[in-house]
Amino acid sequence: MKLVRKDLEKDNAGQVTLIPEEPEDMWHTYNLLQVGDSLRASTIRKVQTESSTGSVGSNRIRTTLTLCVETIDFDSQACQLRVKGTNIQENEYVKMGAYHTIELEPNRQFTLAKKQWDSVVLERIEQACDPAWSADVAAVVMQEGLAHVCLVTPSMTLTRAKVEVNIPRKRKGNCSQHDRALERFYEQVVQAIQRHINFEVVKCVLVASPGFVREQFCDYMFQQAVKTDNKLLLENRSKFLQVHSSSGHKYALKEALCDPAVASRLSDTKAAGEVKALDDFYKMLQHEPDRAFYGLKHVEKANEAMAIDTLLISDELFRHQDVTTRARYVKLVDSVRENMGTVRIFSSLHVSGEQLGQLTGVAAILRFPVAELSDQEDGSTSEED
């Protein structure tokens with residue numbers, strides 16, 4: 001993301017002009033937009049024209065509109081963002097108050113104005129504009145006959161390809177059908193890796209599976225690479241890291257990211273940090289439940305006691321339609337930071353973020369036990385609904 005201009009007043013009202021440069025930036029933009037914001041961008045509008053003879057025709061004209069945002073639709077697989085709202089600025093082609101949908105896309109500038117820019121939104125702009133935040137991890141999660149090729153970016157886990165091949169069982173004295181099907185499966189996975197993984201950006205490719213599938217697949221892949229003189233795979237051989245997972249389904253990626261060997265290799269990535277924080281929370285919940293709370297009410301009470309060491313919170317909560325509720329989460333984040341606590345904002349499109357969402361989207365690891373809170377009935381679940 002490129003920051004073109006930032007004009008903020010003392011009360012944090014104002015506007016920023018940005019240019020999304022990567023598909024990942026569309027996810028950041030989705031998280032910046034809120035209902036009631038003002039969005040100015042170039043768009044195409046179908047306009048009816050009448051000629052001197054009275055015949056009516058229609059032309060598609062590019063114009064710049066300013067909309068009051070009403071609905072925001074994000075397609076995570078295509079990384080497309082559609083914003084619908086009413087026109088709030090004079091335009092020769094569109095009447096005031098008329099509805100229009102703007103499709104935001106990479107490399108097209110837009111200006112976003114808010115009545116108040118909170119700390120969480122401003123932090124996201126900083127992260128989005130920092131070139132160090134890029135998709136530097138890829139993963140192949142597989143089992144016999146099923147594989148998912150994923151990109152793990154700082155903000156989401158994107159499934160780029162799903163490979164499914166029916167593998168017949170081995171039969172006594174005849175394994176040829178099984179072996180041929182397995183080879184066909186491996187070949188399709190290799191093609192998916194070459195098609196969807198950019199080795200110029202990716203630092204590490206995790207190959208995760210139960211049993212010996214990952215070893216057999218890697219042996220096959222690099223034997224074929226030697227035979228066909230595939231320089232792309234041979235030059236990047238050191239980036240492949242084999243780890244265990246319980247299955248070839250996407251959710252098993254969390255196990256792979258939890259592996260100590262992976263954590264040390266990916267210590268500089270946000271994804272690994274999120275997974276470790278969630279893993280630490282579960283361990284604390286199991287061994288010292290008085291130091292692990294979840295649910296907004298409990299976490300707020302722990303914060304009042306200045307007991308929070310690490311706050312885990314889902315970015316989904318900051319997209320809440322109710323301004324007061326959203327402000328409550330922002331206040332919690334600011335307060336934890338003021339009390340020298342660590343805040344980890346999880347992406348709801350990451351496997352770790354999905355898991356945190358099942359725990360109401362907000363959890364905390366405490367510096368010291370707060371026993372009296374854990375005895376209270378948790379009435380916070382309804383708060384997030």
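Calculate how large, on average over all directions, the projected area of the Cα convex hull of segment 317-374 is; give the answer in nm² to one decimal. Intermediate results must be reported in sequence, preceding the final value.
Details: hull surface 19.6 nm².
Hull-based average projected area comes out at 4.9 nm².
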Mean-square fluctuation maximum in Gaussian network of the chain, Cα pairs under 10 Å, restricted to 329, 294, 220, hits 220
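Residues with beta-carbon under 15 Å from that of residue 10, excluding residue 10: net charge, scoring Lys, Arg +1 and Asp, Glu -1? It would help to have the intermediate numbers written out before the result.
Details: positive: 6, 114, 115; negative: 7, 9, 11, 118.
Taking every other residue near residue 10 into account, the sum is -1.
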Of all C-alpha pairs within segment 271-366, those more than 18 angstrom apart amount in percent to 39 percent
In what sequence, highest mean first, do 31-37, 275-281, 121-127 appear when ranked by Cβ atoms within 10 angstrom?
-> 275-281, 31-37, 121-127
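Can you give me the convex hull volume of the Cα atoms of the chain, divided per residue and expressed in Å³? Please report the intermediate quantities before stating the final value.
Numbers: hull volume 78.1 nm³, N = 385.
It is 203 Å³ per residue.
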Springs between alpha-carbon atoms under 10 Å, Gaussian network over the chain: tell me which of 325, 66, 228 tops the mean-square fluctuations.
-> 228
For residue 95, go through the aspartates and glutamates and keep the ones whose alpha-carbon is under 20 Å away, minus same-chain ones fewer than eight residues off.
-> 37, 50, 70, 103
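Evaluate E = 1/(1 + (r/R0)^6) for residue 45 and residue 219, where r is the Cβ-Cβ distance and R0 equals 45 Å; express this FRET efficiency to the nearest 0.05. Can you show the working numbers first?
Working: r = 57 Å, r/R0 = 1.26.
After rounding, the FRET efficiency stands at 0.20.
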Once the mean of 1/r over all distinct C-alpha pairs in segment 2-129 is inverted, the Kirkwood radius in Å reads 15.6 Å
Restrict the search to segment 115-218; then list the chymotrypsin sites (Phe, Trp or Tyr not before Pro) that DSSP places in a loop and that have at most 13 other Cβ atoms within 10 Å of their Cβ.
-> 212
Quick one: what Rg and Dmax do you get for segment 149-193 from the alpha carbons, in Å?
-> 14.8, 50
So which residue, out of 15, 358, 242, gets the largest mean-square fluctuation from a GNM of the chain using Cα contacts under 10 Å as springs?
-> 358
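Leaving out ligands, DNA and RNA, what percent of the accessible area of the chain is carbon and sulfur, probe 1.4 Å? Could the numbers behind the result be given before it?
Numbers: 9030 of 19610 Å².
Of all accessible area on the chain, carbon and sulfur atoms account for 46 percent.
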Within straight cross-link reach of residue 283, meaning Cα distance under 18 Å, which lysines are found once same-chain residues fewer than 8 apart are removed?
-> 254
Could you tell me which GluC sites (Glu not before Pro) in segment 73-111 are loop residues by DSSP with no more than 13 other beta carbons within 10 angstrom of their beta carbon?
-> 90, 92
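For segment 1-103, what is the accessible area per residue in Å² when the probe is 1.4 Å? Intermediate values should be presented prior to the final figure.
On the way: 5860 Å² over 103 residues.
Roughly 57 Å² per residue, with all protein chains present.
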Please give every one of the lysines within straight-line cross-link reach of residue 6, meaning a C-alpha to C-alpha distance under 21 Å, and leave out same-chain neighbours fewer than 8 residues apart.
-> 114, 115
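With runs of 4+ DSSP H residues as the only contributors, calculate the mean residue ellipticity of the chain at 222 nm using -39,500 (n - 2.57) per run, divided by the residue total and rounded to the nearest 500.
Working: 13 runs with 132 residues, N = 385.
-10000 deg cm²/dmol, from helical runs alone.
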Round to a whole angstrom and tell me the spacing of the C-alpha centers of segment 178-245 and segment 35-79.
-> 45 Å
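Taking only C-alpha pairs under 8 Å that are 6+ residues apart, what is the relative contact order of segment 136-268 in percent?
Rounded, it is 28 percent for segment 136-268.
The values are calculated or read from the model by the stated rules, or taken from the named source; none is laboratory data. Note that the coordinates shown come from a computational prediction; the quantities given were computed from them, not determined experimentally. Counting neighbours? That spans all protein chains shown, and the Cβs are built from the backbone with ideal geometry, glycine included. To get the accessible areas, we keep the full protein, side chains included, count just its heavy atoms, and leave off ligands, DNA and RNA. Shrake-Rupley method; radii C 1.70, N 1.55, O 1.52, S 1.80 Å.
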